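The values are calculated or read from the model by the stated rules, or taken from the named source; none is laboratory data. Computed from a predicted structure; not experimentally measured. As a convention, Cβ positions derive from the backbone with ideal geometry for all residues, glycine included, and neighbour counts pool all protein chains shown. Heads up: the accessible areas ignore ligands, DNA and RNA and are worked out on the full protein's heavy atoms, side chains in. Shrake-Rupley method; radii C 1.70, N 1.55, O 1.52, S 1.80 Å.
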Amino acid sequence: MTVSSLVQLRLVWCCWTLPRWQMNNHKRPLAVWTSATAQWTLKQKKLAELYRMPVSRPSILSGTSLLGKRALSTTSSSPKEVMLTSERYGVQRLPFSHVSDSDIAFFEHLIPGRVITDPDELRLFNVDWLQSVRGCSKMLLRPRTAAEVSEILRYCNKRKLAVNPQGGNTGLVGGSVPVFDEIIISTALMNQVISFNSVSGILVCQAGCILENLNQYLEELDFIMPLDLGAKGSCHIGGNVATNAGGLRLLRYGSLRGTVLGLEVALADGSILNCLASLRKDNTGYDLKQLFIGSEGTLGIITAVSILCPRKPKSVNLVFLGCQSFSQVLGTFTTCKGMLGEILSAYEFMDDKCMKLVENHLKLSNPVTGSSFYILIETSGSNSAHDEEKLNNFLEHVMASGLVTDGTVATEDKKIKMLWSLRERITEALTHDGCVYKYDLSLPVERLYDLVIDTRARLGKTAKNVVGYGHLGDGNLHLNITAESYSHSLLDAIEPFVYEWTAQYNGSISAEHGLGFKKKHYIQYSKPQEAVLLMQQVKAMLDPKGILNPYKTLPASS
């Protein structure tokens with residue numbers, strides 16, 4: 001990167017004029033600044049050399065989960081030996097039928113060449129990405145159409161064969177893999193774009209489309225997907241909807257409960273519910289799609305999605321800042337909302353322990369060191385000059401007020417992705433640190449980090465690391481605890497403490513990951529008994545034999 005491509009930032013005090021950002025190039029690929037006695041100085045760093053990540057461009061029709069430059073990366077090509085979920089958690093198998101030779105023959109006839117029974121091939125599909133839970137499914141089916149999913153479920157319901165829907169298998173609460181020998185129904189081959197309306201911005205696609213592929217498809221048409229996740233290179237849109245995934249753009253574009261306009265769903269008895277509307281407004285009766293958003297595959301298998309997509313921003317800026325206290329993180333957020341307003345698209349925070357894990361395990365370099373907390377702020381708009389002026393004013397204010405002590409700005413796409421990797425790959429770095437206990441919580445923003453402090457004090461040296469990061473703009477904390485190996489005593493020290501603490505402040509024990517297998521027994525910390533009972537009644541009505549993703553999301557009804 002040449003010197004001329006850098007932005008030289010400094011405070012200029014002349015004739016009592018206000019400090020302004022001075023630039024020798026209108027396009028600012030990357031700049032770094034520091035505050036010292038009211039003087040801005042450029043750090044002479046070749047930041048382009050600090051990050052090295054491969055670039056890939058998978059096809060929209062790709063049937064495999066290619067890992068892109070902002071994707072969730074696996075730690076190995078084959079999973080380590082993981083204890084069976086049923087053994088670790090003492091789960092009893094429900095009275096479902098076992099797969100027989102005649103069952104295999106039926107499916108081979110229905111979808112020839114797309115039935116997997118080889119134990120070595122099944123091994124990867126039986127283990128979650130975190131390598132924390134493992135099932136023992138003996139068969140995986142790969143349908144291409146909703147009609148094939150319908151026939152599969154009709155047969156399984158008649159035979160009382162339990163099924164486990166699976167997309168990209170990037171879930172973090174054990175909801176995407178079998179507990180016992182449930183038949184895995186993969187959506188990987190259901191990867192077609194059905195239609196896109198460039199006037200309304202409404203995309204209709206099959207459930208197995210990979211999120212990153214969809215985004216690349218839309219970018220060529222000057223649109224983007226309304227959600228963005230660290231796992232975007234692997235996760236499927238159907239799985240995103242089934243778990244009501246939040247992600248990095250929720251602050252700007254809202255949740256999937258607002259952007260998903262319609263769904264096509266295969267129900268347990270094989271019938272297909274076609275609510276694949278492409279209308280922004282439809283006030284006719286109950287909004288049935290909301291039942292399946294966040295249901296984690298327990299009420300039906302999503303086969304197609306209609307979703308509203310925003311226009312691609314013409315101007316995107318990313319700021320990576322350092323703060324010395326969480327109160328400064330909150331103060332910066334308040335200032336950010338007031339000064340950036342409509343162009344603010346993401347506000348993420350992470351503590352220094354997160355950065356050390358990313359540096360140590362993934363060898364990524366942090367361009368802003370020496371702070372206790374770090375913030376990623378993204379702006380996106382339609383006018384670069386307007387956005388830059390607002391951003392410059394904001395940065396001058398937070399630096400002058402002492403809320404921020406150091407930082408980096410990126411406007412070039414490649415550099416933006418490099419900085420995002422520091423935040424998005426924290427989950428990956430944690431898996432290299434040992435056994436991970438993950439908690440995804442919603443809390444009042446001012447209380448967000450108190451839980452990290454209290455958990456750290458409670459566990460002491462029994463935990464290897466206790467870290468906190470997340471979507472501050474949404475009040476969403478990702479609390480993660482690592483240990484050398486799995487420990488029942490450590491788990492007992494964490495749970496239900498974390499859930500009781502969260503309930504005390506009227507928070508939610510699952511902000512965006514869902515309940516899956518791991519959290520289902522703690523739903524009462526966030527929902528009253530009457531609500532849980534009603535959910536169980538809905539489950540019993542739509543899936544009376546309980547074949548859809550059993551052992552997940554809801555506690556067993558009494």
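Is it fair to say Glu389 is without any contact (Cβ under 8 Å) to a residue 24 or more places away in the chain and surrounded by 15 or more Cβ atoms within 10 Å (Cβ to Cβ)?
Values: without any contact (Cβ under 8 Å) to a residue 24 or more places away in the chain: yes; surrounded by 15 or more Cβ atoms within 10 Å (Cβ to Cβ): no.
Against the criterion (without any contact (Cβ under 8 Å) to a residue 24 or more places away in the chain and surrounded by 15 or more Cβ atoms within 10 Å (Cβ to Cβ)), Glu389 does not qualify.
Name the pairs: first residue in segment 98-110 and free of Cβ contacts under 8 Å to residues at least 24 places away in the same chain, second residue surrounded by 14 or more Cβ atoms within 10 Å (Cβ to Cβ), Cβ to Cβ under 9 Å, at least 6 apart or on different chains?
Ser100/Arg159; Glu108/Arg114; Glu108/Val115
Is it the case that some residue within segment 308-330 is modelled with pLDDT of 95 or more, of a type in the set (Val, Ile, Thr), open to solvent by 10 Å² or more (accessible area, probe 1.4 Å) and closer than 28 Å to Glu219 by Cα?
no
State all residues of segment 334-364 that are among the hydrophobic types (A, V, I, L, M, F, W, C), closer than 15 Å to Gly468 by Cβ and in a helix (DSSP H, G or I); if no residue qualifies, say none. Working first, answer last.
Of the residues in segment 334-364, the ones among the hydrophobic types (A, V, I, L, M, F, W, C) are 336, 339-340, 343-344, 346, 349-350, 354-355, 357-358, 362, 364.
Still in the list and also closer than 15 Å to Gly468 by Cβ: 349-350, 354-355, 357-358.
Matches in segment 334-364: Cys354, Met355, Leu357, Val358.
Consider Ser73 carefully, then state whether it is at pLDDT 95 or above and among the hydroxyl-bearing types (Ser, Thr, Tyr).
Working: at pLDDT 95 or above: no; among the hydroxyl-bearing types (Ser, Thr, Tyr): yes.
Judged against the criteria, Ser73 is not a match.
Please count how many residues of segment 258-300 are open to solvent by less than 50 Å² (accessible area, probe 1.4 Å) and either touching a residue at least 40 places away in the same chain (Cβ under 8 Å) or in a strand (DSSP E or B) (or both).
Residues in segment 258-300 being open to solvent by less than 50 Å² (accessible area, probe 1.4 Å) and either touching a residue at least 40 places away in the same chain (Cβ under 8 Å) or in a strand (DSSP E or B) (or both): 24 in total.
For Leu395, are the conditions met, namely being within 16 Å of Ala410 (Cβ to Cβ) and at pLDDT below 95?
Working: within 16 Å of Ala410 (Cβ to Cβ): yes; at pLDDT below 95: no.
When the stated conditions are applied, Leu395 does not pass them.
Among the residues in segment 498-509, are any of a type in the set (D, E, K, R), under 24 Å from Gly246 (Cα atoms), at pLDDT 95 or above and open to solvent by 20 Å² or more (accessible area, probe 1.4 Å)? Break it down stepwise before answering.
First pass over segment 498-509, keeping only residues of a type in the set (D, E, K, R): 500.
If we keep only those that are under 24 Å from Gly246 (Cα atoms) too, we end up with 500.
Now restrict to residues that are at pLDDT 95 or above: 500.
After this cut, where a residue has to be open to solvent by 20 Å² or more (accessible area, probe 1.4 Å) as well, the list is 500.
Checking segment 498-509: at least one residue is of a type in the set (D, E, K, R), under 24 Å from Gly246 (Cα atoms), at pLDDT 95 or above and open to solvent by 20 Å² or more (accessible area, probe 1.4 Å).
Matching residues to (1) over 30 Å from Arg311 (Cβ atoms); (2) part of a strand (DSSP E or B); (3) open to solvent by 10 Å² or more (accessible area, probe 1.4 Å); (4) of a type in the set (Lys, Arg):
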{"position": "Leu161", "(1), (2), (3), (4)": "yes, no, no, no"}
{"position": "Asn164", "(1), (2), (3), (4)": "yes, yes, no, no"}
{"position": "Leu189", "(1), (2), (3), (4)": "yes, no, yes, no"}
{"position": "Ser200", "(1), (2), (3), (4)": "no, no, yes, no"}
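Answer with yes or no whether Leu472 is farther than 21 Å from Ile293 by Cα, in contact with a helix residue (DSSP H, G or I) (Cβ under 9 Å, 6 or more places away or on another chain) and touching a residue at least 24 places away in the same chain (Cβ under 8 Å).
On the way: farther than 21 Å from Ile293 by Cα: yes; in contact with a helix residue (DSSP H, G or I) (Cβ under 9 Å, 6 or more places away or on another chain): yes; touching a residue at least 24 places away in the same chain (Cβ under 8 Å): yes.
In short, yes.
Please go through segment 283-314 and pick out each residue that is under 30 Å from Ser382 (Cα atoms) and more than 24 Å from the chain's Cα centre (by Cα). Steps first, please.
Within segment 283-314, the subset under 30 Å from Ser382 (Cα atoms) is 305-314.
The answer is Lys314, and nothing else.
Of the residues Leu443, Leu422, Leu403, only one is in contact with a helix residue (DSSP H, G or I) (Cβ under 8 Å, 6 or more places away or on another chain), in the same structural domain as Gly331 (by TED's automatic domain parsing) and open to solvent by 10 Å² or more (accessible area, probe 1.4 Å); which? Quick ask: steps written out before the conclusion?
Numbers: Leu443 fails: in the same structural domain as Gly331 (by TED's automatic domain parsing); Leu422 fails: open to solvent by 10 Å² or more (accessible area, probe 1.4 Å).
After applying the criteria, what remains is Leu403.
Out of the helices (runs of 4 or more DSSP H) lying entirely within segment 367-451, which hold 3 or more residues that are among the hydrophobic types (A, V, I, L, M, F, W, C) and touching a Gly at 6+ places or on another chain (Cβ under 9 Å)? Explain how you work it out, then say what you get.
Working: elements: 384-400, 413-424, 426-431.
By residue number, 384-400.
With the structure loaded, tell me whether Val177 is assigned by TED's automatic domain parsing to the domain that holds Ser97, closer than 24 Å to Glu148 by Cα and either surrounded by fewer than 24 Cβ atoms within 10 Å (Cβ to Cβ) or in contact with a Lys or Arg (Cβ under 9 Å, 6 or more places away or on another chain) (or both) or whether it fails that test.
For Val177, the condition - assigned by TED's automatic domain parsing to the domain that holds Ser97, closer than 24 Å to Glu148 by Cα and either surrounded by fewer than 24 Cβ atoms within 10 Å (Cβ to Cβ) or in contact with a Lys or Arg (Cβ under 9 Å, 6 or more places away or on another chain) (or both) - is met.
Could you grab me the full set of residues in segment 202-230 that are open to solvent by 10 Å² or more (accessible area, probe 1.4 Å) and at pLDDT below 95?
Scanning segment 202-230 gives Leu229, Gly230.
Quick check, is Ser382 closer than 21 Å to Arg249 by Cβ and of a type in the set (S, T, N, Q)?
Details: closer than 21 Å to Arg249 by Cβ: yes; of a type in the set (S, T, N, Q): yes.
Answer is yes for this residue.
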